[in-house]
Amino acid sequence: MCGLVLRAPLALSSSSSAVNSTSDSSLFSFAPTATWELAMLWTTVALFYITFLFAVARVVYVFFLEAAPPGFSVRKGTHLLIPLPLLSRGLEMSIYSDHYFELSWGEQKPLQTLLSGNFLFPFAIQSLPGYIFLTAYSLNFCFWIWLIVPSLSKQQKRSLTLKLHIVLNIIMYSIWLLLCFLMFIDEGHTTIYHHTEAIFNSTLDITLGTGYVILGCCLCYLLNRNRATVHRMRSKVIRQIIILAAIFSSVFIARGILVLIITFVIGDESESSAIAALKFCYIFMFDLVPAVLIIFATWKPLTEENTRKKEKPLLN
């Protein structure tokens with residue numbers, strides 16, 4: 001979630017002194033926790049790194065082993081982007097591990113000490129994985145927008161998908177950086193900018209989730225009308241679209257709703273173990289699980305039929 005860990009402490013006060021005291025006391029000093037919480041936290045961090053390595057292996061498979069047309073495809077691009085949110089979230093949890101449960105490490109880690117001197121940097125480090133998640137899983141959304149336009153060729157659809165994806169990400173990161181900058185230069189209104197960032201992130205999530213439902217229904221309707229496609233192949237594609245639309249829509253809508261709940265409803269309870277567990281479950285369910293589901297939903301077994309074959313020599 002974008003800025004999930006820092007949102008609740010920020011909501012307590014908008015003054016400069018309050019922000020500084022929050023960074024010094026609330027963000028890096030917690031009561032000792034149970035051993036099982038510590039084990040659960042680092043097990044999840046390890047799962048992020050393991051899933052990242054598995055996602056990288058899938059990239060190698062898709063690009064070098066799978067029999068596919070040369071050049072760019074949305075499937076290749078999606079698999080290329082999937083490892084990024086996993087790696088960024090794993091690194092963020094390693095750096096700010098004591099934000100997910102009420103851990104007491106005795107001393108700040110060197111990197112934490114370096115970043116905690118300025119409020120902008122910890123917020124950016126912790127909120128960035130959420131936006132990288134949006135970048136990774138919005139490519140398929142951009143492709144589905146153009147896929148429902150039958151008059152476009154495959155090459156045009158791919159080109160327009162890339163252009164739309166780049167433009168949307170430029171707008172998204174520009175707004176995020178602007179809000180981070182405003183938090184830095186205008187600490188007296190930090191809470192306002194913080195809530196604005198939460199609403200912005202939630203709007204993106206819910207819009208993407210709703211869009212996947214609408215586009216998925218449109219694609220299934222168009223495929224059902226396309227009698228030129230073999231029935232077996234058509235059914236397989238429709239089934240895959242339904243699975244992807246269900247995963248993307250449920251994840252994005254749930255992410256958006258939970259951002260608003262944590263920011264505006266239970267933000268004042270940020271020190272409790274309940275909110276810490278909720279943050280932890282959010283990271284596990286809405287960052288790690290979707291990557292695993294998408295990888296296996298688009299899985300193709302390594303067989304002789306779908307593996308690249310060596311080119312035959314021109315002369316026998």
Practice problem: Given the conditions (1) at pLDDT 90 or above; (2) over 17 Å from the mean Cα position of the chain (by Cα), report the number of the one that PRO83 does not fulfil. | Solution: (2)
Quiz prompt | Test: residue in segment 43-54 that is closer than 19 Å to ASN140 by Cβ and either at pLDDT 85 or above or over 17 Å from the mean Cα position of the chain (by Cα) (or both) | solution = yes
Quiz item: Of all residues in segment 249-307 being open to solvent by 50 Å² or more (accessible area, probe 1.4 Å) and assigned to a loop (DSSP other than H, G, I, E, B), which is modelled with the highest pLDDT?
Solution: TRP299
Quiz item: If only one of ILE175, ILE170 is free of Cβ contacts under 8 Å to residues at least 24 places away in the same chain, open to solvent by 60 Å² or more (accessible area, probe 1.4 Å) and over 23 Å from ILE241 (Cα atoms), which one is it?
Solution: ILE170
Quiz prompt | Failed item, numbered, when THR203 is tested on (1) open to solvent by less than 70 Å² (accessible area, probe 1.4 Å); (2) hydroxyl-bearing (Ser, Thr, Tyr); (3) in contact (Cβ under 8 Å) with a residue 40 or more places away in the chain | solution = (1)
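The values are calculated or read from the model by the stated rules, or taken from the named source; none is laboratory data. Keep in mind the model is a prediction, meaning the values are calculated, not measured. Every residue, glycine as well, gets a Cβ built from its backbone with ideal geometry; the counts of neighbours run over all protein chains shown. We work out accessible area using only protein heavy atoms, side chains counted, and drop any ligands, DNA or RNA first. Shrake-Rupley method; radii C 1.70, N 1.55, O 1.52, S 1.80 Å.
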